[in-house]
Amino acid sequence: LPKGKDLLSEIDRLKRERNAVILAHYYQEAAIQDIADFVGDSLDLSRKAADTDADVIAFCGVRFMAETAKILSPQKTVILPDMDAGCSLEDSCPPEQFKRFREANPDHIALTYINCSAAVKALSDIIVTSSSAEKIISQLPKDQKIIFGPDRHLGGYLSRKFGREMLLWPGACIVHEAFSEKELLKLKAQHPDAPVAAHPECPGNILDHADLVGSTSAILKFALESPAETIIVVTEPHIIHQMEKAAPHKTFIGAPGADGNCSCNNCPFMALNTMEKLYLALRDLKPVIEMDEDIRTKALKPLERMLAMAS
Ligand code: 13P
Ligand code: SF4
């Protein structure tokens, strides 16, 4: 395997040879973010995947994100450096159980977080991301009954914010559940002027201390635009790479877990993708996302609704 600068130039060469675009999520390691053509949150990345004219999408994120790219761009070859890059939210929501939950609540629509399998998307009415959920909910009639899954924390946050009850699927993100309220309060006491920006996948007792609750791109925007010199970041800490690049004079502190440091909040699924695996994926055009066409066309509808309602 090529190493160092050779690895960078080989990835670049293969990218051109394949007419590939590299899309990366903010939770990827710094080197992957730096070599990507585009880095963004789930909504930005799905828009890019829908719009690109590349033949190959090398998706550096987790599997549900690469699957979303395939659903939106079926004619493209979508590769994921490590096919085991899953998500605890997806794991918490098996399609068969979700189907039964829907059948038990036939008068509810299913508003579903994008962090789920293609099969669960196919059983849903509208997909949302953390950056589009508020805009989408505000367009739904007040008396519309809603099932929200799989993230109970994002669902709970939306339910409180909009004052509307929703039936919540009991899933959670293992990364955002690892933040400690006690440690966050200690950190705030040490930095009383530092605002706190948190992702809505965090439990309510963490969000209660946040000055901003938003998607990864909203957190990044807030951190860069805030007049504060120090900002406390309550999401997966690899996003701090973009903050430090754009505002090297500021201090960004990743919020801690119960052990008092923030490395326990690294997403273990995102970490499966590496530069070496990205190189191999571009070289061999695998692992490749494949999908049953019936599931894909069913999953496309709620995704297209999201893109239309979020624009
Ligand atoms: P964003 O859409 O905010 O980037 O969130 C994706 C994600 O998986 C958060 O854990
Ligand atoms: Fe899934 Fe959480 Fe990792 Fe995001 S951070 S991909 S929600 S496990």
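The values are calculated or read from the model by the stated rules, or taken from the named source; none is laboratory data. These figures come from a predicted structure and were not determined experimentally. Heads up, the Cβs are rebuilt from the backbone with ideal geometry, glycines too, and the neighbour counts pull from every protein chain shown.
Starting from the stretch 109-124, take each residue that is in the same structural domain as Q139 (by TED's automatic domain parsing) and list its partners that are more than 15 Å from ligand 1 (Cβ to nearest atom) and acidic (D, E), counting only C-beta distances under 6 angstrom and pairs at least six apart or across chains.
I109/D125; A110/D125
Considering only residues that are within 16 Å of ligand 2 (Cβ to nearest atom), out of contact with any Pro (no Cβ under 9 Å at 6 or more places or on another chain) and charged (D, E, K, R), which ones fall in the stretch 160-201?
E201
Taking the condition of being within 16 Å of ligand 2 (Cβ to nearest atom) and either under 19 Å from R283 (Cα atoms) or not in a loop (DSSP other than H, G, I, E, B) (or both), how many residues in the stretch 86-96 meet it?
4
What's the number of the condition H249 fails, among (1) within 30 Å of K5 (Cβ to Cβ); (2) crowded, with 16+ Cβ neighbours inside 10 Å?
Failed condition: (2).
Identify, please: which residue in the stretch 55-86 is away from ligand 1 (no atom under 13 Å from the Cβ) and of a type in the set (G, A, S) and is, among those, farthest from I295 (Cα to Cα)?
Ranking the qualifying residues of the stretch 55-86, first place goes to A58.
What are the pairs with Cβ atoms under 8 angstrom where one residue, in the stretch 161-177, is under 23 Å from T235 (Cα atoms) and among the hydroxyl-bearing types (S, T, Y) and the other, located anywhere, is part of a loop (DSSP other than H, G, I, E, B) and more than 11 Å from ligand 1 (Cβ to nearest atom)? Sequence gap at least six, or different chains.
none
Give the residues of the stretch 9-50 that are under 14 Å from the mean Cα position of the chain (by Cα) and of a type in the set (S, T, N, Q), sorted by residue number.
Result: Q28, S42, S46.
Can you report the number of residues in the stretch 181-216 which are in a helix (DSSP H, G or I) and over 20 Å from A258 (Cβ atoms)?
1
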